[in-house]
1. How far is helix 33-42 tilted off the main Cα axis of the chain, in degrees rounded to 10, range 0 to 90?
2. Starting from the amide H of TYR98, placed 1.01 Å from N in the peptide plane, find each other amide H under 5 Å away whose residue is 5 or more places distant or on another chain.
3. Taking the Cα centre of the stretch 70-220 as the origin, how large is its charge dipole in debye, to the nearest 20, when only Lys and Arg (+1) and Asp and Glu (-1) carry charge on their Cβ atoms?
4. From largest accessible area down, sort ARG212, ARG81; use a 1.4 Å probe on the protein chains.
5. Just to check I understand the Karplus step: with θ = phi - 60° and J = 6.51 cos²θ - 1.76 cosθ + 1.60, what whole-Hz values come out for the stretch 203-218, glycine and proline as x?
6. Percent relative contact order of the chain, based on C-alpha pairs within less than 8 angstrom and at least six residues apart?
7. Kindly state, to the nearest 0.05, the FRET efficiency for VAL34 paired with ARG164, given R0 = 41 Å and r defined as their beta-carbon distance.
8. Quick one: if you stick a label point 7 Å off each Cα along the C-beta vector at LYS101 and ASP11, how many nm between them?
Amino acid sequence: MRILLVEDDRDLGPSVAAALRSEHFAVDLVTDGVDAAHLGETERYDAAVLDLGLPQLDGVGVLKAWRAAGRDLPVLVLTAREAWSDKVAGFKAGADDYMVKPFRLDELVMRLRALVRRSAGHGQPLLTCGPLTFDTQTGMFELDGLPLRLTAFEWRVLSQLMLRKDVVIERLDLLERVYEGDADTDSNSLEVIVGRLRKKIGATLIETVRGRGYRLVCAG
């Protein structure tokens, strides 16, 4: 899952980004509202974590710009502003969740996972596909009831396939949600990751749709 983190605090931003990466998220960190508005409108993200007190353009302005542009990515506001009026302004602008600093990193991770799951149309936290299960609350995969060990890139690819199981996901879509914005990527690297996943979960669960992308086959 790829997250846009908008935080201008020079200490907090990198520490939150590192914590999210340790949970296998791909993270793009920006520190001002103008860059945030641009990336949110032009890049593909599974969710955004947005501060309100930003230079150049505040968080409410960023959020309004995203929604005006038709971007419906889930947005979690993370701010020191705890007044009810600030919360109302955030939700009116289009926020999906609101957390006040100081905060617990593990709670932030769980809220993000829940936002991404619900935006993909899943009400229940446990997703299944044949012998494969994905606990979206903990981020854990199991195969035949046993924990599945995955690298960060394998986890990102498999979580995307699981959240949109039985749906073809375009190669470009997968690439943009698996790698961070400054990473060098190509379709060959994605094929390598998919090949490793097939060795771990079985060759038949992930289908290659020629000229398009991949699908996790669960129906029937």
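The values are calculated or read from the model by the stated rules, or taken from the named source; none is laboratory data. Note that this is a predicted model, so its numbers are computed, not measured. Counting neighbours? That spans all protein chains shown, and the Cβs are built from the backbone with ideal geometry, glycine included. Protein only, heavy atoms only, side chains kept; ligands, DNA and RNA dropped before computing areas. Shrake-Rupley method; radii C 1.70, N 1.55, O 1.52, S 1.80 Å.
1. Compared with the principal axis, the helix lies near 30 degrees.
2. Excluding prolines and chain starts, which carry no amide H, the hits are VAL77.
3. The calculated dipole for the stretch 70-220 is roughly 240 debye.
4. Ranking ARG212, ARG81 by accessible area, largest first, yields ARG212, ARG81.
5. Couplings: 6, 8, 6, 9, 9, 8, 9, 3, x, 10, x, 9, 9, 8, 8, 10 Hz.
6. On the way: 361 pairs, mean separation 37.5, N = 220.
With pairs under 8 Å counted, the relative contact order is 17 percent.
7. Values: r = 32 Å, r/R0 = 0.77.
Result of the calculation: an efficiency of 0.85.
8. Label-label distance for LYS101 and ASP11, simple model: 1.0 nm.
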